[in-house]
Amino acid sequence: MKKKLALILSLFLSIPLFAQEGILERTIPSVDIKTMTGEIFNTSEIDNAGKPIVISFFALWCKPCLRELTAISDVYQDWQDATGVKLVAISIDDARSMANVMPTVNGNSWEYEFYCDPNGDFKRAMGVNMIPHIFVLNSQKQVVYQHTSYAEGGENELFEIIKKVAAGEEIPAGK
Amino acid sequence: MILKKFSILILLALTLPAYILAQEIPGNPTVHGNFQIDAQTYHPDEALGITDSVLQGKTMRLNGYGDIRFSMWRFNAGLRYEAYLPPLAGYDPNYQGQGIPYWFVEYGDEKLQVTAGHFYEQFGMGMILRSYEQWDLGYDNSFNGLRVKYSPVSGLNFKALIGVQRYYWEPFADDNRGIVRGFDGELMLNDAFNALKETKTRVILGGSFVSKYEKMRTKTLISDTVKYEYQLPANVASAGGRVSISNGGFNFYTEYTHKFNNPSAFNNYIYKDGQALLSSLSYSQKGIGVYIAAKRIDNMSYKSKMTELNNVLDINFIPPLTKQFVYSLENVYPYATQLNGEAAIQGQIIYTIPKGTKLGGKYGTKLELNYSRVHGLDKQAIADSIPVDSTGTLGYKAPWFKFGDLYYQSISASFEKKIGKKVKLNIEYVHIDYNIEVVEGHPGAEMVHAHEYNIDFTYKLSSTKSLRLEYEQLLTKQDKGDWAMLMLEYNIAPKWFFSIMDQYNYGNPEKNKQLHYYIAAMAFVQGPHRISLAYGRQREGLLCVGGVCRQVPASNGFTINISTSF
C-alpha cells in the first residue's frame, strides 16, 4: 500500500517537472474561509491590484502574534504610503474565541483586512506549523517570502522585503 | 523482471497526457509542504508526572510529521506522514508507530468541491460536528471517506459527508468504530436575494443533521438479582440550527444542537437527549470592542464509538467559554469543558485610549477587562427511586435556569502601553476560582482561589536587538501554593532568540516539592525554517517563547524542535 502511494506520488511530482515553470512559485490555494461576521469568503479573492500583499496567521492567544500585529500597526500607514502594501490577517481562533476576534481587532484599532479560519483549512493548505507565520505575495499573488517567529524589530526586515516586492525585484531563495 | 521494467515504462507513459495537459491548463502545477520534528530526552521526574512507569525505559522520544501538497488547476492532492517513535510523554501512547494517516484527492471549482480520502470539517461552530487536528496537543479526529460541497446558487451552500474517524493507527475493521454521515446547509440571505444585496443588516441561516451508525449492542446490568439488557441504539442522530445577524458594529450569533438518545460509556449509558446552546453578542468600532457570550450544554459527548473514554473519536466539539490566557502562570489552572453538563457566561471589553491624548500618551494605551463564570447543572432525579445518572434510565432532569456547583470563575484586567520609542509595558491581573475536584478529577479537593499578576517589559536596545523581561506571580492557599516566574529573553531580530526562565513553586505546602522548573532555550529562524534547542524542566501548558506560541507537554531534559515550510 505504501509502495503504491509512493509511486502515485512520484508520478504526480513528475508532472510539474515537465511543466517547466517554477514549481515552487505558487499562488495561494483557493480555500473557503469566513469574514469576521461569518460570511463565506474564498481566499482566491484576496487582492491588492498588483501591489504587495502580506498574509499573517495569528490567534488571540498567541502573544508574539499580537506583538507583531501591534508593531506593524505603528508603521502601517508609512508602509502603505511607500508601497501600497495590504496586510491580510487570518485568525486561526476556533469556536472558543472566534466571536471575540472582531471586538478584539476593533478594540486594538488595527486597520488590516481580517478573516477567520476557525477549522484551520487555509492554515493547513498554506503549510503553517507555528504561529506567527507571515507570507509576502508579489504582484501576481505568488508567495515570494515567508517567515515564522517574531521579535521586536523583525518588522523592519519585513518592510525591506515588501519594498523589494513593490519594486518588482526578485527575493533570493533561502531568505 | 522484464515485465517490471515494462510496467514502469507504462506508468511513465501514463504521465504523458498529464504533461500535455499541464502545458495547456491555466495555473502552474505546484508542490509544497512542511515538516516538523519534536525530539525530547527525559529524566524521570515525579513532580511532572513523568515516572519510570510512564517512560518505560524509553527516555528518548520523537514526534515528527511531513506534509506534502500538490495542486494543479482544480485538483489538489496531498498526504501527511507521521511518526511517533515513541510519542512524547503526555501524548496518548496508542499513537506509537508511523505511517500515512492522512491523504486526500480533491476537485474544486466555484460551485462544486469533492474530496476523497481524509478531510477535516466543521458545521457551524462545531457543536454538532467538528473534525480537526492540533498537532501540539496530539489531537486528530479526521474523517476518512467522501465529502461533497455544492453551491447551486449564490448564497446557498450545501455540504454532505460520510466517513469513519481516525482511531490511532487502526484501520476500519470489525466494527471497531461507527460510520458518521453529515449534512449541512447554509443560506446567506443577502447573497441569495437581490433585493437584500446592499442592505446593511447581514443574515446567515444554517441547519445541520448528523447521524452515527454503530452495530447495535446491548448493555447488561444486574440489579437486585434482576438482569436488564439495554439496547444501545445503532443510529444516533443529532440536529442543529444557527443564525447569525450583523449590522455595522453589531454581531449576534446563536447556535442550538440537539442530540438524540446516545447511551455511552461517557454518560454512564443514560438515554437522555443532549442539548447545547451557544449565543454571543458583540459590539465594536475603532478603538472599542465589547463582547458577551453564554453557553449551556447538557449531556453533549458524541463519539463514533459508544464504549470509548479516551480523548479520541469525538464527532463534535464543545468550546470552553473561559478566557484563553497567554501567560504561563495564568494557565496553571486551565478550564476544560465538562461535556456532561455546564452553563457558562463570558464578557469582555477592550478599549484603546487614543494616541495623542493625556491618558493615552503618544502611542495610545490598551485596556482589557474580562469576566467568565461556569456552573454545573442542577441535576435532579427523575423519580425518587432512581438516582441521578443511573444506567439504562433517562438519567436526570436539569431545569434550564437553575445551576449547580461553581466550576470556574475568572476576573482579569490588563494594561498595555508603549512608553517612548524603546519601552513596551504590559501588566495583567487575574483572579481565578477553580473547582479542581471537578475539572481535574481530584475527589474531595478544596476549591482553588488564586490571584495572579504579571509584568511583561520589553526594552529595545537597538533596531534589531531587544530584551524582554517577564515576571509572574501566582498566589493561592490551596493545591500547590504560590508560584513565581522570571523569564529573560534576548532577541536579535529576525533570526536569533535566547531565553532563560524559571518557574518556582516556593509556596508548596510540602517542603520537598518546592521545586524550580528552569529552562534555557535558544532558537534560530531563517524565513520559514526554525530550529530550537532547550534544556530544563518544562511544565505542561502554553509556552510562548522564542517568537512563537505552542502547547507543550511536560518534560525534563533536552528538547529539539525543527520546523520548516517550503
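The values are calculated or read from the model by the stated rules, or taken from the named source; none is laboratory data. Quick caveat, the model's predicted, so the values are computed rather than measured. Glycine also receives a Cβ, built like all others from the backbone with ideal geometry; neighbour counts cover every protein chain displayed.
For region B:470-492, the criterion of being within 8 Å of chain A (Cβ to nearest Cβ) and surrounded by fewer than 20 Cβ atoms within 10 Å (Cβ to Cβ) is met by at least one residue.
The numbered conditions (1) in a strand (DSSP E or B); (2) in contact (Cβ under 8 Å) with a residue 40 or more places away in the chain; (3) of a type in the set (S, T, N, Q) are all true for B:Thr391 except (1).
Output the strands (runs of 3 or more DSSP E) that fall wholly within region B:196-239 and possess 1 or more residues being modelled with pLDDT under 90, over 30 Å from B:Phe172 (Cα atoms) and out of contact with any strand residue (DSSP E or B) (no Cβ under 9 Å at 6 or more places or on another chain), or say none.
Working: elements: B:201-213, B:217-223, B:226-232.
Of the strands (runs of 3 or more DSSP E) lying wholly inside region B:196-239, those with at least 1 residues that are modelled with pLDDT under 90, over 30 Å from B:Phe172 (Cα atoms) and out of contact with any strand residue (DSSP E or B) (no Cβ under 9 Å at 6 or more places or on another chain) span B:217-223, B:226-232.
The set of residues in region B:173-189 that are within 14 Å of chain A (Cβ to nearest Cβ) and more than 25 Å from the chain's Cα centre (by Cα) comprises B:Leu187, B:Met188, B:Leu189.
Criterion applied to B:Tyr84, B:Tyr139, B:Tyr120, B:Tyr102 was being away from chain A (no Cβ under 12 Å), touching a strand residue (DSSP E or B) at 6+ places or on another chain (Cβ under 9 Å) and among the hydroxyl-bearing types (Ser, Thr, Tyr), and the one residue passing it is B:Tyr84.
Hey, does region B:460-468 have a residue that's surrounded by fewer than 19 Cβ atoms within 10 Å (Cβ to Cβ) and touching a helix residue (DSSP H, G or I) at 6+ places or on another chain (Cβ under 9 Å)? Yes, region B:460-468 has at least one match. Take the residues in region A:101-150 that are without any contact (Cβ under 8 Å) to a residue 12 or more places away in the chain and facing chain B (nearest Cβ under 7 Å), then tell me which one is nearest to B:Thr458 (Cα to Cα). This residue is A:Gly107.
Quick check on region A:77-100: of everything there that is assigned to a loop (DSSP other than H, G, I, E, B) and either more than 11 Å from chain B (Cβ to nearest Cβ) or out of contact with any strand residue (DSSP E or B) (no Cβ under 9 Å at 6 or more places or on another chain) (or both), which residue is nearest to B:Gln348 (Cα to Cα)?
Among those that are assigned to a loop (DSSP other than H, G, I, E, B) and either more than 11 Å from chain B (Cβ to nearest Cβ) or out of contact with any strand residue (DSSP E or B) (no Cβ under 9 Å at 6 or more places or on another chain) (or both), it is A:Arg96.
With the condition being farther than 30 Å from B:Ser279 by Cα, I'd like the strands (runs of 3 or more DSSP E) fully within region B:74-146 carrying at least 2 qualifying residues.
B:75-84, B:97-108, B:112-119
Confirm whether B:Ser279 is without any contact (Cβ under 8 Å) to a residue 60 or more places away in the chain and in contact with a Lys or Arg (Cβ under 8 Å, 6 or more places away or on another chain). Against the criterion (without any contact (Cβ under 8 Å) to a residue 60 or more places away in the chain and in contact with a Lys or Arg (Cβ under 8 Å, 6 or more places away or on another chain)), B:Ser279 qualifies.
Residues in region B:256-306 that are in contact with a helix residue (DSSP H, G or I) (Cβ under 7 Å, 6 or more places away or on another chain) and of a type in the set (A, V, I, L, M) were compared, and the one that is nearest to B:Lys402 (Cα to Cα) is B:Ala293. The condition (being farther than 19 Å from B:Ile315 by Cα and at pLDDT 95 or above) is satisfied by just one residue among B:Gln96, B:Gln165, B:Gln113: B:Gln113.
Mind listing whichever residues of region A:107-166 are among the aliphatic types (A, V, I, L, M) and outside any helix (DSSP H, G or I)?
A:Met126, A:Val128, A:Met130, A:Ile131, A:Ile134, A:Val136, A:Leu137, A:Val143, A:Val144, A:Ala151
Restricting attention to region A:37-58, the residues being crowded, with 21+ Cβ neighbours inside 10 Å, assigned to a loop (DSSP other than H, G, I, E, B) and within 13 Å of chain B (Cβ to nearest Cβ) number 1.
Every residue, every condition in (1) hydroxyl-bearing (Ser, Thr, Tyr); (2) touching a helix residue (DSSP H, G or I) at 6+ places or on another chain (Cβ under 7 Å); (3) under 29 Å from B:Arg61 (Cβ atoms), yes or no:
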site	(1), (2), (3)
B:Pro93	no, no, yes
B:Gln96	no, no, yes
B:Thr115	yes, no, no
B:His118	no, no, yes
B:Gly126	no, no, no
B:Leu129	no, no, no
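The condition (being more than 14 Å from chain A (Cβ to nearest Cβ) and surrounded by fewer than 19 Cβ atoms within 10 Å (Cβ to Cβ)) is satisfied by just one residue among B:Phe401, B:Phe415: B:Phe401. In region B:303-318 there is at least one residue matching the filter, namely being assigned to a strand (DSSP E or B) and of a type in the set (Asp, Glu). Of everything listed in (1) away from chain A (no Cβ under 12 Å); (2) at pLDDT 90 or above; (3) over 24 Å from B:Ile455 (Cβ atoms), the single unmet condition for B:Trp496 is (1).
Looking only at region B:406-423, residues that are among the basic types (Lys, Arg), out of contact with any helix residue (DSSP H, G or I) (no Cβ under 8 Å at 6 or more places or on another chain) and closer than 12 Å to B:Phe457 by Cα come to 2 in all.
Is it the case that some residue within region B:524-543 is touching a Cys at 6+ places or on another chain (Cβ under 9 Å) and either on the phi < 0 side of the Ramachandran plot or not aromatic (Phe, Trp, Tyr) (or both)?
For region B:524-543, residues touching a Cys at 6+ places or on another chain (Cβ under 9 Å) and either on the phi < 0 side of the Ramachandran plot or not aromatic (Phe, Trp, Tyr) (or both): present.
Among the numbered conditions (1) within 11 Å of another protein chain (Cβ to nearest Cβ); (2) surrounded by 19 or more Cβ atoms within 10 Å (Cβ to Cβ); (3) not in a strand (DSSP E or B), the only one that B:Tyr333 does not meet is (1). Spot the failing condition for B:Glu342; the list is (1) in contact with a His (Cβ under 8 Å, 6 or more places away or on another chain); (2) acidic (Asp, Glu); (3) on the phi > 0 side of the Ramachandran plot, and only one is missed. All conditions are met except number (3). Of all residues in region B:167-195, exactly one satisfies the criterion of being small (Gly, Ala, Ser), part of a strand (DSSP E or B) and within 23 Å of B:Pro101 (Cβ to Cβ), namely B:Gly182. Residues of region B:523-547 that are free of Cβ contacts under 8 Å to residues at least 40 places away in the same chain and of a type in the set (A, V, I, L, M): B:Ala523, B:Val525, B:Ile531, B:Leu533, B:Ala534.
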